[in-house]
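Every number in this text was worked out from the coordinates using simple rules, so none of it is lab data. These numbers come from a predicted model, not from an experiment. Note that we place each Cβ from the backbone using ideal geometry, even for glycine, and neighbour counts take in every protein chain shown.
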Amino acid sequence: MQPGDTALRVSDLRVDLGGKTVLDGAELTLRAGELVCVVGPNGAGKSTMVRAAAGLQRFERGAVEWMGRPLAELRGRKLALIRAFVPQRGRVPDGVTVHDAVSIGRSAHLRILQRATGADREAVNRALVRTGVQDFRDRHLSTLSGGELQRVQIAVALAQEAPVLIADEPTSQLDLGATVEVAKLLRGLAHDGLAVLLVAHDLGLAAAVADQVVVIHEGRSVATGPPVEALDAERLREVWGVEASLQTGSGRTALHVAWLGDERPR
C-alpha cells in the first residue's frame, strides 16, 4: 500500500450478541500511514466493532472491506497476511520464550510442515528489534512485566508483516511509563507506513497519538475526525456525561474535567 491508500472500510455495521443489538450503524475508514483511535464509554461496542472488522466476530448487516475486497473473500491465511490483531489480554503459556512467541507470527507465511526460512527468521528479528524486546528474547513470557508483554504481543503482530495492525486496548492494564512506551511504538509504526487501528479508553492517549478519532456511543459512530474536533466539549458532555475540554499543543495533551462540579468542598 502507498501512504493514504484505504486499507479498511467499515460501513453501517450491525452486530447482535446474546439476542441483543450491540452495534447498529458503526462506521470507520483506515488508511495507510494513519493511526485511527476508536473511543467510547464502557459497553459502547468499540471492541466488538474492531473484532468484527478483523473477521473475529460475526455481523448481521453492513460491509467490511479490506483494500477494496469484501471480508468474506479473505478468510484464513489471506486475511492474516493483510491484518494483524493484538488482543486485550493475550495468553501467557508456560515455558514459551519471547523468541518462540514472536516466531508464531510467521505462521501465516508457512504451509503445513514447512520449516522457517531465512526470510522468516529475519522478519522475527526485525519485529523483536522494532519493539525493543530483543534483549530478553530468551526469557519466558511468564517472567515479563505488563509493558514488556504488551510489546511482545505487538512484536508477534509485526512478524506477520501485514500492512494493518489492530490493537484492542493495549494499554488498559499498564502504568504510565509503559503506556507511553506503547503509545510511542504505535505512533511510530503509523509513521513507518502501517495502518494502525487502536481501541482506547484513555481520551488523553487518543488525542496524543491519533490522526483520526472515531467515537462510538450506544453502538453507533457519532463522530469522526481529528481529536480536537471529535472530542469537543459538547460531545464529551453528550457521550460521557461530563463537563470537560481537551487541550493540545507542543506535543502534549490535557483533558480538563470538572470532577466535582459545584459540589466541591469549600
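Name the most mobile residue of 224, 48, 117, meaning the one with the largest mean-square fluctuation, in a Gaussian network model of the chain with Cα contacts below 10 Å.
Maximum among the listed residues: 117.
Compute the FRET efficiency between residue 242 and residue 20 as 1/(1 + (r/R0)^6), taking r as their Cβ-Cβ distance and R0 = 30 Å, and round to the nearest 0.05.
Step by step, r from the Cβ atoms, then E = 0.70.
Expressed as a rounded percentage, what relative contact order does the chain have, with Cα pairs under 8 Å and six or more residues apart?
Rounded, it is 25 percent for the chain.
Taking square-rooted eigenvalues a ≥ b ≥ c of the alpha carbon gyration tensor, is segment 1-153 rounded, prolate or oblate, where a/c under 1.5 means rounded and, failing that, a/b exceeding b/c means prolate?
Note, shape of segment 1-153 comes out prolate.
Please work out the Cα center distance from segment 116-150 to segment 50-65, rounded to the nearest Å.
Centre-to-centre distance over Cα atoms comes out at 30 Å.
Which net charge results for the neighbourhood of residue 215, defined as the other residues with beta-carbon distances under 12 angstrom from its beta-carbon, given Lys and Arg at +1 and Asp and Glu at -1?
For residues surrounding residue 215, the net value is -3.
Rounded, prolate or oblate: which one fits segment 93-161, using the alpha carbon gyration tensor with axes a ≥ b ≥ c (rounded when a/c is under 1.5, else prolate when a/b beats b/c, else oblate)?
It is prolate, given that a/c is not under 1.5 and a/b is the larger ratio.
Identify which of the listed values of Cα extents along the principal axes in Å was calculated from the structure shown: (i) 53, 46, 40; (ii) 80, 45, 37; (iii) 66, 43, 38.
Answer label, from the structure shown: (iii).
Expressed in nm to one decimal, what extension gain is obtained for the pair residue 135 and residue 259 from 0.36 nm per residue of sequence separation less their Cα-Cα distance?
40.4 nm
So if each residue of separation counts as 0.36 nm, and I subtract the Cα-Cα distance between residue 56 and residue 224, what length gain in nm does that give?
58.1 nm
Suppose R0 equals 22 Å; then what is the FRET efficiency for residue 69 and residue 12 from their Cβ-Cβ distance, rounded to the nearest 0.05?
After rounding, the FRET efficiency stands at 0.80.
For a quick check, take a GNM of the chain with Cα springs below 10 Å and name the residue from 75, 151, 115 with the largest mean-square fluctuation.
115
With springs only between Cα atoms under 10 Å apart, run a GNM on the chain and tell me which of 119, 53, 206 wobbles the most.
119
Okay, which of segment 127-163 sit inside 13 Å, backbone N to the point 7 Å along the Cα-Cβ direction of residue 81?
Correct set: 161-163.
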